[in-house]
């Protein structure tokens, strides 16, 4: 029974890392799209439906970063900071997933 539990733990960790990677991927794409619309739509971006939708998707992460950053950081820069922090977290999770896949065998990671 102990052997089965030890074999289950890496697979559970793989599922957990996949979920975290997915959760990070959604705001990462939303912030990237928001940045693209920031450039393309200009000052009319606040009335753009898709820009507001992307803001809504990334808002939980942006609020956390706003709370963590000092007041010295302008509100306009918070989405950029959020993008890079989420990107770093995404890379960390991806590298951990690669490491886990190399340890447990690639046949489990498909």
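The values are calculated or read from the model by the stated rules, or taken from the named source; none is laboratory data. All figures in this text were calculated on a predicted structure; none of them were measured in a lab. Every residue, glycine among them, receives a Cβ derived from its backbone with ideal geometry; neighbour counts consider all protein chains shown.
Taking the stretch 43-59 only, how many residues are part of a helix (DSSP H, G or I) and surrounded by 12 or more Cβ atoms within 10 Å (Cβ to Cβ)?
Summing the residues that are part of a helix (DSSP H, G or I) and surrounded by 12 or more Cβ atoms within 10 Å (Cβ to Cβ) in the stretch 43-59 gives 10.
What residue, of 68, 85, 24, is surrounded by 12 or more Cβ atoms within 10 Å (Cβ to Cβ) and within 27 Å of residue 104 (Cα to Cα)?
None of the other options fit; the residue is 24.
Figure legend. Inter-residue proximity from the stretch 88-99: first residues farther than 15 Å from residue 12 by Cα, second residues surrounded by 11 or more Cβ atoms within 10 Å (Cβ to Cβ), beta-carbon distance below 8 Å, spacing 6+ or different chains. Indicated pairs: 89/24; 90/21; 90/24; 90/25; 90/28; 94/21.
Sub-7 Å Cβ pairs linking a first residue in the stretch 40-59 that is free of Cβ contacts under 8 Å to residues at least 24 places away in the same chain and on the phi > 0 side of the Ramachandran plot to a second residue that is exposed (fewer than 14 other Cβ atoms within 10 Å of the Cβ) and assigned to a helix (DSSP H, G or I), at least 6 apart or interchain, number zero.
Residue 79 meets the conditions (1) surrounded by fewer than 16 Cβ atoms within 10 Å (Cβ to Cβ); (2) without any contact (Cβ under 8 Å) to a residue 60 or more places away in the chain; (3) part of a helix (DSSP H, G or I) in every case but one. The failed one is (1). Considering the stretch 33-42, the residues that are surrounded by fewer than 14 Cβ atoms within 10 Å (Cβ to Cβ) and at pLDDT 85 or above include one that is nearest to residue 85 (Cα to Cα), namely 36.
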